[in-house]
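Here is the structure we will look at, set down as structure tokens.
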Amino acid sequence: MSIQWFPGHMAKTRRLIAENLKLVDVVVELLDARIPMSSSNPIIDELVGSKPRVVVLNKCDMADDAVTQKWIEHYKAKGISAIALDSITGKGIPKLKETVRLSLKEKIEKDIAKGKRERLARMIVVGVPNVGKSSFINKIAGRASTKTGDTPGITKTKQWIRISGGYELLDMPGILWPRFDDAKTGIYLAFTGAIRDEVYDTVEVAFSLCAYINKNFSGRLEEHYKVEITPDMEGHEILLAIGKRRGFLISGGEVDFERASRIVLDEFRSCKLGKISLEEPADYE
């Protein structure tokens, strides 16, 4: 299955980021801790250049803790500061502010040496849709500064937000890239809800998710849905069993795959199937 999605406003966002980078001191890139590589936009690498950058592995409460630590070490080895953060509870926010301050230490010292008065540190927040930017900004600002929701693409324009500790934060709309070179990237983004469900076949994606979890996280689906699943079962067979167990039937006693697929995707995205990391650094070595 090939999934592609590049709404028109995202092309505009790319231009906005390029235009506004000169206004900020540091780039904060939010990634989904479950899929750091698939949720990392190569356009950001191109646009940021040598600007100080901090990677935030958001939604860390949904990812495997040990795998998240591997990603932090992976970025550290590349010379990039990375922290784990949960934008719902605020876990990691103090660490983020400390990390941003450290990334600007050299600039601050140079400004002081030149006799410049220290001003608010300006950050830009970037990330793919539905990576949790709005919830993150509301938490770090301590108020409902932006709209939030589960639908990708809620933030449509840029906005400056002043936060405690001497920071100003520039929020940008979520940005994907024109084409996913690896089909797996599109699938993982669909699994986690970064791409609108309306632009792909949710049943096919649910088949793929069931097969993936059955192969890599044996026992999760059986335990949660109380169904019997064997290692050799295909995704459609697993979803069929789940649909029957939940009573998702239509006329003639057939399973309503549309309804079953929505349930499986929703419950994966809300962590009801447990902490699951879809990617590890070793996958890309």
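Of everything in the stretch 191-205 that's in contact with an Asp or Glu (Cβ under 9 Å, 6 or more places away or on another chain) and part of a helix (DSSP H, G or I), which residue is nearest to A63 (Cα to Cα)? Quick ask: steps written out before the conclusion?
Within the stretch 191-205, the subset in contact with an Asp or Glu (Cβ under 9 Å, 6 or more places away or on another chain) is 192-194, 202-203, 205.
When the remaining residues are screened for being part of a helix (DSSP H, G or I), the result is 192, 202-203, 205.
On the way: T192: 11, T202: 22, V203: 24, V205: 20 Å.
Across the stretch 191-205, the extreme among qualifying residues is T192.
Can you name every residue in the stretch 184-237 that is out of contact with any strand residue (DSSP E or B) (no Cβ under 9 Å at 6 or more places or on another chain), touching a residue at least 60 places away in the same chain (Cβ under 8 Å) and among the hydrophobic types (A, V, I, L, M, F, W, C)?
Matches in the stretch 184-237: I187, A190, F191, I195, V199, V205, I213.
Could you tell me whether I80 is modelled with pLDDT under 95 and under 16 Å from the mean Cα position of the chain (by Cα)?
Values: modelled with pLDDT under 95: yes; under 16 Å from the mean Cα position of the chain (by Cα): no.
No; evaluated as a whole, the condition is false for this residue.
Check the stretch 243-254 and report whether any residue there is outside the structural domain of D32 (by TED's automatic domain parsing), under 23 Å from E223 (Cβ atoms), charged (D, E, K, R) and surrounded by 17 or more Cβ atoms within 10 Å (Cβ to Cβ).
Within the stretch 243-254, one or more residues are outside the structural domain of D32 (by TED's automatic domain parsing), under 23 Å from E223 (Cβ atoms), charged (D, E, K, R) and surrounded by 17 or more Cβ atoms within 10 Å (Cβ to Cβ).
Would a scan of the stretch 123-146 turn up a residue that is modelled with pLDDT under 80, more than 23 Å from S270 (Cα to Cα) and in a helix (DSSP H, G or I)?
Within the stretch 123-146, not a single residue is modelled with pLDDT under 80, more than 23 Å from S270 (Cα to Cα) and in a helix (DSSP H, G or I).
Give all pairs with beta carbons closer than 9 Å in which a residue from the stretch 243-262 that is of a type in the set (A, V, I, L, M) meets a residue that is part of a loop (DSSP other than H, G, I, E, B); count only pairs at least 6 apart in sequence or on separate chains.
Listed pairs, sorted by first residue: L249/D256; I250/D256; V255/F248; A260/F248.
The values are calculated or read from the model by the stated rules, or taken from the named source; none is laboratory data. Bear in mind that the values here come from a model prediction, so they are computed numbers and not experimental data. Ideal geometry is used to build each Cβ from the backbone, glycine not excepted, and the neighbour counts take in all protein chains shown.
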